[in-house]
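One structure below.
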Amino acid sequence: MTDSHISPLSAFAAQLRSQQVDLTERWMKAVFHDAELTESDRLTYEQLADHIPNILDEICAALEQQDLDSVESAMERDARLHGKLRWKQGYRIDELVRELDLFRQMLSGTIVEFSEARPYFTRRHEERARHFIDEAVGFVTLTSIREVVTERDRKIDDYTGRLERANHELTLKQRLVAELYESRMQITRSVVHDLRNFLNVFSMALQLISRAPSKVETALALARRQTTDMKTLVDELVEYSVVLGDSSPLTLERFALRELFDELVISCEAAIEAKGLRLQTAFDSALDEVVSNRLKLKQVALNLLTNAAKYTRAGRIELAMTALENDCWQLRVSDTGVGIGESDRERVFKEFERATHEDIPGAGLGLAIVTELCRVLEGEIRFDSREGEGTVFEITFPMRLEAAGS
């Protein structure tokens with residue numbers, strides 16, 4: 001018997017509400033026993049039920065109001081959440097459609113059960129109820145599928161982005177390998193060229209001794225100079241290979257910069273003055289202790305000082321250490337040497353680049369070594385130079401270098 005104040009569809013909706021738990025369990029049992037739905041076997045009760053009770057409640061509201069538009073917003077929200085969760089749970093689209101179709105079939109069966117026990121629920125009411133249920137479940141299915149497709153496309157876009165980044169990194173690494181190969185070939189060509197020149201001069205010295213015994217001293221002096229130049233070349237190559245091949249963690253220590261400064265002056269003063277040059281020094285009294293790698297800092301300074309002495313025929317070499325703001329300090333080495341032309345500024349820090357117009361021994365690796373050491377010591381290097389007037393190198397270092405991973 002029906003209440004005259006309640007429409008047949010509202011009475012049917014009230015019946016669905018009262019049986020919500022039972023209907024949900026019946027639907028889940030049908031899902032579990034369906035051979036086409038394999039992913040459901042891995043889900044818990046709560047995971048499988050998901051937003052189905054909410055969607056059932058919204059269908060009831062649509063039946064009561066005989067209007068799907070009134071619940072469309074809430075139904076869309078729950079359908080999207082359902083689709084997103086099923087995507088995360090590994091459902092295929094056909095599995096998602098299948099389980100929602102089982103939900104529709106169950107509700108259609110409930111219509112038949114309700115109408116058989118209630119004569120007032122006519123065929124017209126059945127068709128009306130079936131219409132709302134089919135429309136609602138169809139809307140939920142379509143919205144859920146769209147959400148699955150959106151999630152899939154987002155995942156594809158993510159994978160595509162990762163693949164593009166990986167391809168970009170691979171391209172960069174391939175380019176780096178190519179540049180490294182060309183660099184190694186340049187090393188080989190440069191070393192072979194220099195060694196051939198040394199051997200040619202040795203050969204000339206031997207020929208001079210055999211043809212003109214009176215010029216033995218001259219030939220020996222020539223040979224000794226070539227030996228010295230060859231040793232310089234080999235020493236630079238060894239130093240560069242050690243710097244590049246050092247993969248051990250950077251050893252840090254606390255030490256006084258003044259002690260390093262005095263050690264540098266003692267190390268290079270005699271050689272600079274032997275060339276007839278003056279060594280000017282300046283140490284900022286505001287500098288105290290630093291935390292860095294003392295040997296690598298010394299190596300940087302010595303390479304700059306040696307380079308300055310090589311390319312300076314007259315005048316002075318300056319060594320200075322100065323305190324800066326932002327917890328930094330500066331190493332400065334300047335000279336009054338040949339300078340660097342505008343066209344050479346781009347290549348000055350590259351391997352085997354040197355003033356080829358000068359008769360100066362070495363492999364042109366001094367500034368390449370400095371560059372690599374500055375990278376390790378977090379130093380920022382800059383230089384200013386005028387051809388024929390001299391060069392100034394300034395490197396800014398942190399007062400306290402932190403260990404990797406700290």
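The values are calculated or read from the model by the stated rules, or taken from the named source; none is laboratory data. Remember, it's a predicted structure, so these values are computed and weren't measured experimentally. Quick reminder, even Gly has a Cβ in these numbers, built from the backbone with ideal geometry, and neighbours come from all protein chains shown.
Just a few scattered comments:
- For the range 268-279, a residue qualifies if it is loosely packed, with under 15 Cβ neighbours inside 10 Å and not basic (Lys, Arg), and the qualifying residues are 270, 271, 273, 274, 276.
- Here the condition is being at pLDDT 90 or above and part of a helix (DSSP H, G or I); of 301, 323, it holds for 301 alone.
- Failed condition for residue 373, given (1) in contact with a helix residue (DSSP H, G or I) (Cβ under 9 Å, 6 or more places away or on another chain); (2) assigned to a loop (DSSP other than H, G, I, E, B); (3) at pLDDT 65 or above: (2)
- Options 387, 358, 346; residue that is surrounded by fewer than 20 Cβ atoms within 10 Å (Cβ to Cβ), in contact with a Gly (Cβ under 8 Å, 6 or more places away or on another chain) and either at pLDDT below 90 or among the polar types (S, T, N, Q) (or both): 387
- The set of residues from the range 110-149 being more than 52 Å from the chain's Cα centre (by Cα), surrounded by 13 or more Cβ atoms within 10 Å (Cβ to Cβ) and of a type outside the set (Lys, Arg) comprises 110, 111, 114, 115, 121, 125, 126, 129, 132, 133.
- Checking each residue in the range 106-125 for being closer than 22 Å to residue 52 by Cα and not β-branched (Val, Ile, Thr) picks out 106, 107, 108, 109, 113, 114.
- Under the condition of being among the aliphatic types (A, V, I, L, M) and at pLDDT 85 or above, the residues counted in the range 140-195 number 10.
- Members of the range 58-94 that are small (Gly, Ala, Ser) and under 18 Å from residue 134 (Cβ atoms): 61, 62, 70, 79
- Test for residue 282: is it surrounded by fewer than 16 Cβ atoms within 10 Å (Cβ to Cβ), at pLDDT 90 or above, closer than 18 Å to residue 260 by Cβ and touching an Asp or Glu at 6+ places or on another chain (Cβ under 9 Å): yes
- In the set (1) surrounded by fewer than 20 Cβ atoms within 10 Å (Cβ to Cβ); (2) at pLDDT below 90, the condition left unmet by residue 79 is number (1).
- Whichever residue in the range 1-43 is outside any helix (DSSP H, G or I) and of a type in the set (A, V, I, L, M, F, W, C) and, among such residues, is modelled with the lowest pLDDT: 1
- Selection within the range 249-279 - assigned to a loop (DSSP other than H, G, I, E, B) and more than 13 Å from residue 305 (Cβ to Cβ): 249, 250, 251, 252, 276
- Filter pass, residue 338 being closer than 27 Å to residue 292 by Cβ and either in the same structural domain as residue 301 (by TED's automatic domain parsing) or modelled with pLDDT under 80 (or both): no
- Test: residue in the range 112-127 that is over 20 Å from residue 6 (Cα atoms) and free of Cβ contacts under 8 Å to residues at least 60 places away in the same chain: no
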